[in-house]
Amino acid sequence: MKAIQLLRQAALRTHARPSCRALSSVIPEAPQSAMDGSDKSLNRLERTESQYKLGKHRSNALELIEKVPPIEVEGDMAICDGGGGALGHPLEYIKVGYRGGNPVSCVYCGLKYVQKAGGH
């Protein structure tokens, strides 16, 4: 019985984990700007110039969607699904009637819809 206890103690000593204090000395410290939130391009430890001059999302999708003319619909309601099949978005029911002929945008994809003249 005593031999089993000695074997267990020996096994625990050989597989013991290092203390948390020893691990914390290995982790490099982040710059102060990381801690106070003044550097918005932070997720790295070195201070280098950001490759994202126009922000992290450099897409010109808004410019492209503005070039698409409004889609004319009959009736008071337009239904938008993004047009991408499985890559589209949830159905959006857009009320286009009573807008005075002004286009209404889909909240998901930005496509604009307008009621056909005389459609009611």
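The values are calculated or read from the model by the stated rules, or taken from the named source; none is laboratory data. Note that this is a predicted model, so its numbers are computed, not measured. Glycine gets a Cβ as well: all are built from the backbone with ideal geometry, and neighbour counts include every protein chain shown. What goes into the accessible areas is simple: the full protein's heavy atoms, side chains included, and nothing from ligands, DNA or RNA. Shrake-Rupley method; radii C 1.70, N 1.55, O 1.52, S 1.80 Å.
Summary of computed values
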item	result
Subset of segment 74-96 [touching a residue at least 24 places away in the same chain (Cβ under 8 Å) and either open to solvent by 90 Å² or more (accessible area, probe 1.4 Å) or in a loop (DSSP other than H, G, I, E, B) (or both)]	Glu74, Gly75, Asp76, Gly82, Gly83
Candidates Arg99, Arg21 - the one that is at pLDDT 65 or above and either open to solvent by 90 Å² or more (accessible area, probe 1.4 Å) or not in a loop (DSSP other than H, G, I, E, B) (or both)	Arg99
